[in-house]
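Structure, as structure tokens:
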Amino acid sequence: MQERIPAIELRGITKVFGRIVANDHVNLSIYRGEILALLGENGSGKTTLMNMLSGIYFPDEGQILIDGKEVSISSPREAFAHGIGMIHQHFKLVDVLTATENIILGLKEPGRLDLAAAAKKIRAICDQYGFDVDPNQKIYEMSVSQKQTVEIVKVLYRGADILILDEPTAVLTPQETDRLFAVLRNMRDDGKAIVIITHKMHEVEDLSDRVAVLRHGTYVGDMATKKTNAQEMTDMMVGRTVSLNIDRPTPVNPKPRIVVDGITVKNEEGITMLDDVSFEARTGEVLGIAGISGSGQKELLEAIAGLQPVVSGSIRYVEDDGSTQELIGKDPLQIEQLGVTLSFVPEDRLGMGLVGNMDLSDNMMLRSFREGKSVFTDRKTPHDLAEKVVDELEVSTPGISTPVRRLSGGNVQKVLVGREIASAPTVLLTAYAVRGLDIGASYTIYRLINEQKAKGVAVIYVGEDLDVLLELCDRILVLCGGKVSGILDAPDASKKNEVGLMMTRLGGGADHA
């Protein structure tokens, strides 16, 4: 039997950034007609490796072979010339242009400005693989999944037959994810080579034909997906056995802690982001917030935290004795002076949560500096906390004196979540607490959240992985376009399709408990 020649073969690929070895003599083969899942913890070198294939980085050592011939890829344009296209987590689209204009932007080929011909070619690509995109629609009018579709069509238009997708389902509903997977399977069956980088093990099992695992920048091994399982893949990634069970202890004597009553929030442009939203968060309970990106999750948490003006409605904090304090109209410091401790893990880590040029210890002090009674700030407590967070969450850092900006995104996230949880809150607000975190760190965060729940903390958890929401949360509030689509008991919401339909307001009216 003739041996298959890989579409891409990596031999001894090494990439070093300062003292960090991102990839250490990695060997990997990628075949046409196959979907390969590339797995590994944060900092294992997955994205760095793929960035070398897509021309963003250049390897320090090693060879890249395409169809058996060695090539040099020093720019994304050269990667496209070799048929390689990468779809990144953060889309690179111009909002005011149409899909067609974005797809042909930057092309130098003759006749590239013939928009009618380009739109015809785009429609043909869409029909071939099952994409749903209007070539004439402006990007700012599109949903997240439509924007992602434009990015994929853009690389296909440029002739790519080797596609790399980095966390492709991060902000998609279950229904949108199913549609994307159907398209990817069509592309695989058409002979394309597809690589997906993802942390979601159930998607790996559902979609991929083969998995390859990286650990600490080295290649651990690969296997056929049908011959392995989530537990085995996770153990390979982490190098030890990790429990993949999320506990959901039954809430003990839950009582209202935050009561939100009919709040409306508008952004700076006057667009309504939250429309007459009402619910309560209870002590010793995890309330999940589900919704497609931009449904008002961020604004909701910021309104409770005193960071977002509220047009109308009420947000009350309920004391242990049943008395209430109105939070609207107060800034975060005033809320804290009321005795209300709101821990807020924002979506924009370095923009709102941490200062990039400060080291880990000083970033811990940001949370505690007002508590010092003397003129001289207590440096020992934040130092000890930094060491505890680094140890417990396994933060990959040369030391606690390292500036936060030099850490990877996943490690920045661990520092922020660890600091907020350690502040002993009575209400813990978390926005995408595990976004971009590897599976081991994610399960550590779930455990810490459950520890807070056991202490009687009211936890509000905004997440994008519905499987996790259904396992971790006691109740789930679904937002759609700034309105409450429904509130349901998570243990009863056994089918995530129900939540997914409510996220797009196709679901029935759930109990507004």
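Throughout, read-outs are computed from the coordinates displayed, never taken from laboratory work. Everything numeric in this text was worked out from a predicted model, so none of it was measured. Positions of Cβ are generated from backbone atoms using ideal geometry, with glycine treated the same way; all protein chains shown enter the neighbour counts.
For D209 and E109 in the same chain, what is the full-extension length gain: residue separation times 0.36 nm, less their Cα-Cα distance, in nm? All intermediate terms of the calculation are to be shown ahead of the outcome.
Working: separation 100, 0.36 × 100 = 36.00 nm, distance 3.55 nm.
Taking 0.36 nm per residue and subtracting the Cα distance, the gain is 32.4 nm.
Between beta-carbons, use under 14 Å as the cut-off and find the net charge around G62, counting Lys and Arg +1, Asp and Glu -1.
Numbers: positive: R11, K15; negative: E9, D24, D60, E61, E70.
Every neighbour counted, the sum reads -3.
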Using only Cα atoms and rounding to the nearest 10 degrees, what angle (0 to 90) does helix 115-129 make with the longest principal axis of the chain? 80 degrees
Note down the magnitude of the dipole of the chain about its Cα centre, charges +1 on Lys and Arg C-beta and -1 on Asp and Glu C-beta and zero elsewhere, to the nearest 20 debye. 820 debye
Computed [θ] at 222 nm, helices only, for the chain once each DSSP H run of length n ≥ 4 contributes -39500 (n - 2.57): -9500 deg cm²/dmol
Along the charge dipole of the chain, pointing to its positive end and built from +1/-1 on Cβ of Lys, Arg, Asp and Glu, which listed residue (L333, N27, T98) has its Cα farthest out? N27
Using a 7 Å offset from the Cα along the Cα-to-Cβ direction at both A182 and D320, what is the distance between the two label points in nm, to one decimal? 5.5 nm
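Arrange T250, T173, T14 by Cβ neighbour counts within 10 Å, fewest through most, would you? Could you put the intermediate results ahead of the total?
Details: T250 9, T173 26, T14 16.
In increasing order of surrounding Cβ atoms, one gets T250, T14, T173.
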Can you list the lysines whose alpha carbon sits under 25 Å from that of K69, skipping same-chain ones fewer than 8 residues off? K15, K46, K192
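With N set to the number of residues, divide the alpha-carbon radius of gyration of segment 112-163 by 2.2 N^0.38 Å and report two decimals.
1.09
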Mind scanning K108/K138; K200/K226; K154/K298; K255/K298 and naming the pairs with a C-alpha gap bigger than 27 Å? K154/K298
Normalise the Cα radius of gyration of segment 8-238 by 2.2 N^0.38 Å (N = residues in it) and let me know the number. 1.01
Selected from M233, M142, P168, residue furthest toward positive end of dipole (segment 8-238; charges at beta carbon): M142
